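These notes are about the structure you will find just below.
What follows is calculated from the coordinates using simple rules that are stated; it is not laboratory data. No experiment lies behind these values; they were computed from the predicted model shown. We place every Cβ from the backbone using ideal geometry, glycine too, and count neighbours over all the protein chains shown.
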Amino acid sequence: MACSDTHSLAPGVLWSKIQHQTRHALACGALQPIQTEYEFVEQGGMRFLVRILANLALKERYNRTQTTQQRQGKPVNPFLPYDPDLFVADLSDSHLCLLNKYNVVDHHILLVTRAFEEQDTWLTAADFDALALAMAEIDGLAFYNGGRLAGASQRHKHLQLVPPPLCPDGSPLPVDLALGQLPLNALADPSGPPIHRHPQFPFHHAIAGLGGPPPTATALLSTYYALLNGLGADRCATAAAFPYNLLATRRWMMVVSRRQEHYQSIPVNSLGFAGSLLVKSHDQLTLLKTLGPMTILQGVAAGLA
């Protein structure tokens, strides 16, 4: 399926395009869902969803191919050019929407820049224009892995959006339940949205309400800046010096400052801070239970000031 000639998307059609392209991509083999088992593990007053990978072989083979190509000096970028069988829609002149080839959650989409930009650069008004368009139709979880130390697996800049339910049993997003005790609906003062810290999160983070639903691109951008300022990020410096995870729903946004990509052998990206962790084996699951999921998040995030 080829891209359309215009770089715009009519309101109300993105979700139907995602469903249509998912059927097509499954039928032709372009989409390779990763099967998982799951358990819930509690620590620190929060219930975590832990998925255990069942068929990692395809993705690991793909990652080995990428590593080999990199060692041979060949450019590796699955988004440039992108697989047309994974193409969903043009979002704007600067962004397009693709299906996530190796998805764990159904209808997981990527909001990708047309031209190459590094993943460890600051998000822009154009990024949030694309995100606002997608969030207007999908009341899910958006996230951004700001650099390798924040769990990014691709250098080409892309945000991600996962529709509900994130939990296979249909239960609420774990972080949504944890944030329920914060006054995120409080009105912002002229200087910006109120910045909150969760008393049970033992890592450097900042949270603000968005006042939607759904949030506008302007609200997303201004809240993002406010949260970065609240964490002491220097936006005049390179973003590579401040690895971070961004998570957002129609109701709130959170930024977490990172210092490493995994704790012991367990990798963590933005979804970990949403309360969803992924392990490769039952041995890793045992390790996660021994350490505790909140301990793992504390291990990969920057410490509290």
Cβ neighbours within 10 Å, averaged per peptide: list 33-46, 82-95 in order, most packed at the top.
82-95, 33-46
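Compute the Cα gyration tensor for the range 213-265, then decide on rounded, prolate or oblate, letting a ≥ b ≥ c be the square roots of its eigenvalues: rounded whenever a/c is under 1.5, prolate when a/b is larger than b/c in the other cases, and oblate in all that remain. Write down the numbers at each step before the final one.
Numbers: a/c = 2.95, a/b = 1.44, b/c = 2.05.
Taking the square roots of the gyration eigenvalues as a ≥ b ≥ c, the range 213-265 is oblate.
Given charges of +1 on the Cβ of Lys and Arg and -1 on the Cβ of Asp and Glu, with all other atoms neutral, how large is the dipole of the range 14-300 about its Cα centre, in debye to the nearest 20? Kindly include the intermediate steps, with their values, before the conclusion.
On the way: 22 positive and 22 negative charges, 130 e Å.
With Lys and Arg at +1 and Asp and Glu at -1, about 620 debye.
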Over the Cα atoms of the range 95-237, Rg to Rh with Kirkwood Rh, two decimal places?
0.94
Going residue by residue through the range 262-273, the Karplus relation 6.51 cos²θ - 1.76 cosθ + 1.60 with θ = phi - 60° gives ³J(HN,Hα) values, rounded to whole Hz and with x marking Gly or Pro, of 8, 10, 6, 9, 9, x, 9, 10, 4, 4, x, 7
What label, among (i) 18.6, 54; (ii) 21.8, 87; (iii) 22.6, 74, belongs to Rg and Dmax of the Cα atoms in Å computed from the structure on display?
(i)
Do you know the relative contact order of the chain, to the nearest whole percent, from alpha carbon pairs under 8 angstrom that are 6+ apart?
20 percent
Between the range 217-279 and the range 88-124, the alpha-carbon center distance in angstrom:
17 Å
Distance from a point 7 Å along Cα→Cβ of Arg23 to each backbone N in the range 87-110: keep the residues under 14 Å and list them by number.
none
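Hey, what number do you get for the chain at 222 nm if only DSSP H runs of n ≥ 4 count, each worth -39500 (n - 2.57), divided across all residues, to the nearest 500? Before the final figure, lay out each step's value.
Working: 8 runs with 85 residues, N = 305.
Computed mean residue ellipticity for the chain: -8500 deg cm²/dmol.
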Magnitude of the charge dipole, the range 124-174, Cβ model with Lys/Arg +1 and Asp/Glu -1, debye to 20:
360 debye
Quick one: compute a quarter of the convex hull surface over the Cα atoms of the range 162-267 and quote it in nm².
8.3 nm²
